[in-house]
Amino acid sequence: MSCGELTNDLVELARRGAEPDAALRAHLLRCARCGERWEAERDLTSQLRIIRERAAALGSPQSQRQALMRDFARIHRRPPVRMAQPGFPKWIWAMGAAAALLLAIFAGQVLGKHSIRRVPTRAVHNRGIRTDRTVLYEASASYDDQSDIDDSVFLSGSSGFPNGSGGFPDNEAVALSNDGFITVPYSPPLAPGEMVRVVHTDLYPESLASMGVEVDPAWTGELPADVAVGEDGLPRAVRITGNGQNY
Amino acid sequence: MQKSDEELYRLMRKGNQDAFAQLYERREPALYRFALHMSGSPAVAEEVSNEVFVQLMGPTTRFDETRGTLESFLYGIARNLVRAIRRLGPVAEPVDRPFRHDILGELITNETTAALHRTLREMPERYRDVIVLCDLEERSYEDVARLIGRPVGTVRSRLHRARALLSAKLKRLNAPSEVFSK
């Protein structure tokens with residue numbers, strides 16, 4: 001048997017910690033090279049055994065195992081089982097929610113339209129103050145064309161109206177005539193924003209005639225009347241009230 | 001009857017934590033030692049053995065029973081991790097750190113042991129694998145051949161070659177002391 005063939009046996013014997021048989025022992029005594037190899041293999045085996053034994057005492061800390069187990073539990077944690085909802089099926093709830101949404105949108109549009117219509121582009125301020133015998137009307141200039149306010153019940157003063165219908169602009173004169181007032185001819189025009197008082201009083205036909213109002217010859221006594229008087233105290237319109245109308 | 005690694009793996013994938021714990025108890029110590037011997041660092045060994053199981057329970061595990069055993073798969077992961085860590089640079093922590101309390105005789109032994117470890121770390125990976133698995137883990141040639149995916153004859157020849165390299169290194173290491181003794 002050659003040295004090369006014996007080397008494999010030497011390695012395996014040294015790894016197992018076994019002793020060579022008689023024939024091999026005789027060869028090792030004769031061959032210095034094989035003898036050295038045998039000693040080196042035995043030495044290496046003993047050193048590796050030391051390393052192996054010491055490494056056996058080492059290991060991962062217990063905390064590593066615990067952390068891994070926690071991670072495993074977290075990864076494989078099943079979501080809680082949800083109980084079936086009693087009552088209506090889900091699609092009914094969905095339809096109901098959609099209907100409620102549509103209703104809300106419709107209501108919003110309707111209310112929005114109304115609120116837009118009710119909000120004037122320019123503010124309108126009209127105020128009527130009634131006293132015992134006197135009604136004061138104040139009207140400031142109105143620029144809101146869409147106002148629902150009935151202008152016929154107010155006497156408003158504005159600038160630049162013609163004087164042909166007494167102290168009122170034409171449209172207001174029409175309103176007054178519809179209300180039973182007779183404009184006083186040749187009265188001065190109302191100043192812009194001027195307040196007009198309506199005074200309940202009794203007038204003689206002569207007084208009416210002096211204002212330029214046509215007087216029925218049948219009227220003989222005092223006549224109850226409403227006189228629209230400007231801030232300057234001058235009458236602007238007259239309305240015969242009560243029975244005096246029949247005089 | 002004890003379940004095989006593959007059976008435990010299947011149970012583990014279904015969320016069985018006991019199966020995962022059994023696999024860990026069965027395979028982690030050897031994987032730790034393998035990483036320790038391959039890297040020479042307990043810290044690296046801890047990191048590697050932990051990462052192997054992190055990858056095993058992760059959603060992207062690609063273990064295929066038809067291609068090999070689970071144990072081979074685990075060793076493959078560990079080997080790749082050690083390789084990646086070694087590529088980052090030298091491992092600073094020596095493996096013989098826990099034995100520094102030893103007396104003089106043990107210090108000499110430790111010196112030899114440390115030199116052996118250094119030699120192991122400097123060896124080509126194909127030799128280091130077989131030394132660690134065959135001689136330090138005392139696995140059979142057949143086991144190692146299965147784990148590294150090489151024929152038994154290759155494992156045996158690599159082991160003999162690796163041992164010859166280590167023996168030569170030990171001989172050089174012991175030479176000065178022989179001179180000193182003379």
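The values are calculated or read from the model by the stated rules, or taken from the named source; none is laboratory data. Please read all numbers here as calculations on a predicted model, not as lab measurements. Neighbour counts run over all protein chains shown; Cβ positions are idealised from the backbone, glycine included. Side chains are part of the model used for accessible areas, which takes the heavy atoms of the whole protein and leaves out ligands, DNA and RNA. Shrake-Rupley method; radii C 1.70, N 1.55, O 1.52, S 1.80 Å.
Just one of (1) under 45 Å from the mean Cα position of the chain (by Cα); (2) at pLDDT 85 or above; (3) surrounded by 10 or more Cβ atoms within 10 Å (Cβ to Cβ) fails for residue A:76. It is (2).
Any residue that is part of a helix (DSSP H, G or I) and touching a residue at least 40 places away in the same chain (Cβ under 8 Å) - is there at least one of those in the range B:158-166? Yes, there is a match, as at least one residue in the range B:158-166 is part of a helix (DSSP H, G or I) and touching a residue at least 40 places away in the same chain (Cβ under 8 Å). Restricting attention to the range B:132-168, the residues being away from chain A (no Cβ under 12 Å), of a type in the set (Gly, Ala, Ser) and open to solvent by 30 Å² or more (accessible area, probe 1.4 Å) number 1.
Of all residues in the range B:37-88, which are more than 25 Å from residue A:75 (Cβ to Cβ), open to solvent by 40 Å² or more (accessible area, probe 1.4 Å) and either within 12 Å of chain A (Cβ to nearest Cβ) or in contact with a helix residue (DSSP H, G or I) (Cβ under 9 Å, 6 or more places away or on another chain) (or both)? Once the filter is applied, which keeps residues that are more than 25 Å from residue A:75 (Cβ to Cβ), open to solvent by 40 Å² or more (accessible area, probe 1.4 Å) and either within 12 Å of chain A (Cβ to nearest Cβ) or in contact with a helix residue (DSSP H, G or I) (Cβ under 9 Å, 6 or more places away or on another chain) (or both), the range B:37-88 yields B:43, B:83, B:86.
Yes/no per residue for (1) more than 9 Å from every other protein chain (Cβ to nearest Cβ); (2) touching a residue at least 12 places away in the same chain (Cβ under 8 Å); (3) of a type in the set (Ser, Thr, Tyr); (4) open to solvent by 50 Å² or more (accessible area, probe 1.4 Å):
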site	(1), (2), (3), (4)
A:24	yes, yes, no, no
A:27	yes, yes, no, no
A:38	yes, yes, no, no
A:46	yes, no, yes, no
A:56	no, no, no, yes
A:65	no, no, no, yes
A:71	no, no, no, yes
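Is there a residue being touching a Ser or Thr at 6+ places or on another chain (Cβ under 6 Å), in a helix (DSSP H, G or I) and either modelled with pLDDT of 90 or more or not acidic (Asp, Glu) (or both) anywhere in the range B:39-59?
Filtering the range B:39-59 down to residues touching a Ser or Thr at 6+ places or on another chain (Cβ under 6 Å) leaves B:46, B:49.
Still in the running and in a helix (DSSP H, G or I): B:46, B:49.
After this cut, where a residue has to be either modelled with pLDDT of 90 or more or not acidic (Asp, Glu) (or both) as well, the list is B:46, B:49.
There is at least one residue in the range B:39-59 that is touching a Ser or Thr at 6+ places or on another chain (Cβ under 6 Å), in a helix (DSSP H, G or I) and either modelled with pLDDT of 90 or more or not acidic (Asp, Glu) (or both).
State all residues of the range B:25-36 that are farther than 21 Å from residue B:119 by Cβ and open to solvent by 10 Å² or more (accessible area, probe 1.4 Å); if no residue qualifies, say none. Passing the criteria: B:25, B:26, B:27, B:28, B:29, B:30. Taking the range B:89-114 as the range and being open to solvent by 50 Å² or more (accessible area, probe 1.4 Å) and at pLDDT below 65 as the test, the residues that pass are B:92, B:97, B:98, B:100, B:101, B:103, B:104, B:106, B:107, B:108.
Look at the range A:75-96: where a residue is within 14 Å of another protein chain (Cβ to nearest Cβ) and a partner is at pLDDT 65 or above and open to solvent by less than 80 Å² (accessible area, probe 1.4 Å), sitting 6+ places away or on another chain with Cβ atoms under 6 Å, you get A:76/B:15. Check B:163, B:126 and return the single one that is under 14 Å from the mean Cα position of the chain (by Cα) and modelled with pLDDT of 80 or more. When all the criteria are applied, what remains is B:126.
The set of residues in the range B:132-157 that are of a type in the set (Gly, Ala, Ser) and part of a helix (DSSP H, G or I) comprises B:145, B:153, B:157.
Listed by first and then second residue, the pairs with beta-carbon distance under 7 Å, at least 6 apart or on different chains, first residue in the range A:1-13 and more than 12 Å from every other protein chain (Cβ to nearest Cβ) and in contact (Cβ under 8 Å) with a residue 24 or more places away in the chain, second in a helix (DSSP H, G or I) and open to solvent by 30 Å² or more (accessible area, probe 1.4 Å), are A:3/A:33.
State yes or no: is residue A:19 assigned to a loop (DSSP other than H, G, I, E, B), among the acidic types (Asp, Glu) and over 28 Å from residue B:29 (Cα atoms)? Talk me through it step by step, then tell me what you get.
Numbers: assigned to a loop (DSSP other than H, G, I, E, B): yes; among the acidic types (Asp, Glu): yes; over 28 Å from residue B:29 (Cα atoms): yes.
For residue A:19, the condition - assigned to a loop (DSSP other than H, G, I, E, B), among the acidic types (Asp, Glu) and over 28 Å from residue B:29 (Cα atoms) - is met.
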